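Asks: Mind having a look at this structure? Questions to follow.
The values are calculated or read from the model by the stated rules, or taken from the named source; none is laboratory data. Here the structure is a predicted model, which is why all the values come from computation and not from measurement. Backbone-built Cβ (ideal geometry, glycine too); neighbour counts: all protein chains shown. What goes into the accessible areas is simple: the full protein's heavy atoms, side chains included, and nothing from ligands, DNA or RNA. Shrake-Rupley method; radii C 1.70, N 1.55, O 1.52, S 1.80 Å.
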Amino acid sequence: MISFKHVTKSFRRARILDGIDLEVGLGERVALIGSNGAGKTTLIRCLLGEYTHDGEILIQGRNPRQERTDVLGLIGFVPQLPPPLKMPVGQLINFAAALCNTLPTRVHEVASRLGLDVTDILSRPFNKLSGGMKQKLLIAIALGRDAKVLVMDEPAANLDPQARKIFFELLAERAESTTMLISSHRINEVSALVNRVVELDLGKVVLDERMANDTSLTGMLLGRLVSRQPEPALAKALGQWNFRALDAEETQWEGQVAGPDRLRFLGMVSRYVAVVTEVSLSEIDP
């Protein structure tokens, strides 16, 4: 599906990619991790055909630099930082849909599932949207096409827990027919989404490891939490996860957590370790 053969890229005298060799197959969900400067963004831009480079990159046998229009029609891309576009949302959706020969209504449908009603914002400039709205729209544009490859850079960073749950469900629907490359600085952010981890350091592959595929993208966990005393900040945080208080004092809470979000949830809870006395997560039977 995706082939990197001795890919090397330098800027002036600085070598950013140093002989990358990777083969990524259909249905693989790959976490591309590494610190800042490791080469992740440069590798993605080479994959998208934005940079010239030494070596060879092929997507379904096609060169993304020489056949860029055809290749981009196969790729759904979600950048980490939304572009500063002043284009109205409706125009952006129509343009993106025409580019990949799909219907704008498909983008509308995915956005709606994520909790974004685009009919209310069609005339609003993209750059005037909130961070969460931009992220939902970019994901809808990427998933609203028949992409064989999804390239995502910190894709769920600005999503609320409910939208993240829907995002995981959308990925699960494409898991068998799509190759996914998910870039992140932190493995704990994406570990439950992927079945393979590739780490870059100084432009080289230093780790390439397949993971046990034991977490369903659509799995749900029942969460329970008890605090020793009422804590307004904790109550607000749990409310954002759609947890509900089981008592008037708001010291006992219950709610559901998407399986891939378990580490993110526990990370949030850890900020309140001084007042939390019990926390549990148990799998809900499908």
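Asks: Since Glu50 meets every condition but one in (1) under 23 Å from the mean Cα position of the chain (by Cα); (2) at pLDDT below 90, which condition does it not meet?
Replies: With respect to (1) under 23 Å from the mean Cα position of the chain (by Cα); (2) at pLDDT below 90, Glu50 is out only on (2).
Asks: I've got another one for you. Within the stretch 84-105, does at least one residue satisfy the condition of being exposed (fewer than 13 other Cβ atoms within 10 Å of the Cβ), under 20 Å from the mean Cα position of the chain (by Cα), at negative phi and assigned to a loop (DSSP other than H, G, I, E, B)?
Replies: Yes: the stretch 84-105 contains one or more residues that are exposed (fewer than 13 other Cβ atoms within 10 Å of the Cβ), under 20 Å from the mean Cα position of the chain (by Cα), at negative phi and assigned to a loop (DSSP other than H, G, I, E, B).
Asks: Take the conditions without any contact (Cβ under 8 Å) to a residue 24 or more places away in the chain, over 26 Å from Met268 (Cβ atoms) and not in a helix (DSSP H, G or I) and apply them to Glu173. Does it pass?
Replies: Values: without any contact (Cβ under 8 Å) to a residue 24 or more places away in the chain: yes; over 26 Å from Met268 (Cβ atoms): yes; not in a helix (DSSP H, G or I): no.
So Glu173 fails the test.
Asks: If I go through the stretch 132-163 residue by residue, how many of them are open to solvent by less than 10 Å² (accessible area, probe 1.4 Å), of a type outside the set (A, V, I, L, M, F, W, C) and at pLDDT 85 or above?
Replies: 2
Asks: Related question: Are there any pairs with C-beta distances below 6 angstrom linking a residue in the stretch 35-56 that is assigned to a helix (DSSP H, G or I) to a residue that is open to solvent by less than 20 Å² (accessible area, probe 1.4 Å) and small (Gly, Ala, Ser), with the two at least 6 apart or on different chains, and if so which?
Replies: Between residues of the stretch 35-56 that are assigned to a helix (DSSP H, G or I) and residues that are open to solvent by less than 20 Å² (accessible area, probe 1.4 Å) and small (Gly, Ala, Ser), the close pairs are Lys40/Gly34; Lys40/Ser183.
Asks: Please enumerate the residues belonging to the stretch 229-286 that are open to solvent by 80 Å² or more (accessible area, probe 1.4 Å), more than 22 Å from Ile166 (Cα to Cα) and within 27 Å of the chain's Cα centre (by Cα).
Replies: Arg271
Asks: Small (Gly, Ala, Ser), in a helix (DSSP H, G or I), open to solvent by less than 40 Å² (accessible area, probe 1.4 Å) and within 21 Å of Gly132 (Cα to Cα): does that describe Gly76?
Replies: On the way: small (Gly, Ala, Ser): yes; in a helix (DSSP H, G or I): no; open to solvent by less than 40 Å² (accessible area, probe 1.4 Å): yes; within 21 Å of Gly132 (Cα to Cα): yes.
No; evaluated as a whole, the condition is false for this residue.
Asks: Of the residues that sit in the stretch 201-218 and are in a strand (DSSP E or B) and touching a strand residue (DSSP E or B) at 6+ places or on another chain (Cβ under 7 Å), which one is surrounded by the fewest Cβ atoms within 10 Å (Cβ to Cβ)? Can you show your working first?
Replies: Just the residues of the stretch 201-218 that are in a strand (DSSP E or B), to begin with: 201, 204-210.
Still in the list and also touching a strand residue (DSSP E or B) at 6+ places or on another chain (Cβ under 7 Å): 204-210.
Values: Lys204: 16, Val205: 20, Val206: 11, Leu207: 12, Asp208: 13, Glu209: 9, Arg210: 11.
Ranking the candidates gives Glu209 first.
Asks: While we're on this one: Taking into account only those residues within the stretch 1-52 that are of a type in the set (D, E, K, R) and more than 18 Å from Arg196 (Cα to Cα), which is least open to solvent (accessible area, probe 1.4 Å)?
Replies: Applying the first criterion (of a type in the set (D, E, K, R)) to the stretch 1-52 yields 5, 9, 12-13, 15, 18, 21, 23, 28-29, 40, 45, 50.
If we keep only those that are more than 18 Å from Arg196 (Cα to Cα) as well, we get 5, 9, 12-13, 15, 18, 45, 50.
On the way: Lys5: 98, Lys9: 24, Arg12: 240, Arg13: 238, Arg15: 140, Asp18: 45, Arg45: 96, Glu50: 78 Å².
Ranking the qualifying residues of the stretch 1-52, first place goes to Lys9.
Asks: Follow-up. May I ask you to list the residues in the stretch 219-277 that are part of a loop (DSSP other than H, G, I, E, B) and closer than 28 Å to Ser184 by Cα?
Replies: Let us first name the residues in the stretch 219-277 that are part of a loop (DSSP other than H, G, I, E, B), namely 219, 228-231, 241-243, 246-251, 271-275.
Correct list: Gly219, Trp241, Asn242, Phe243, Arg271, Tyr272, Val273.
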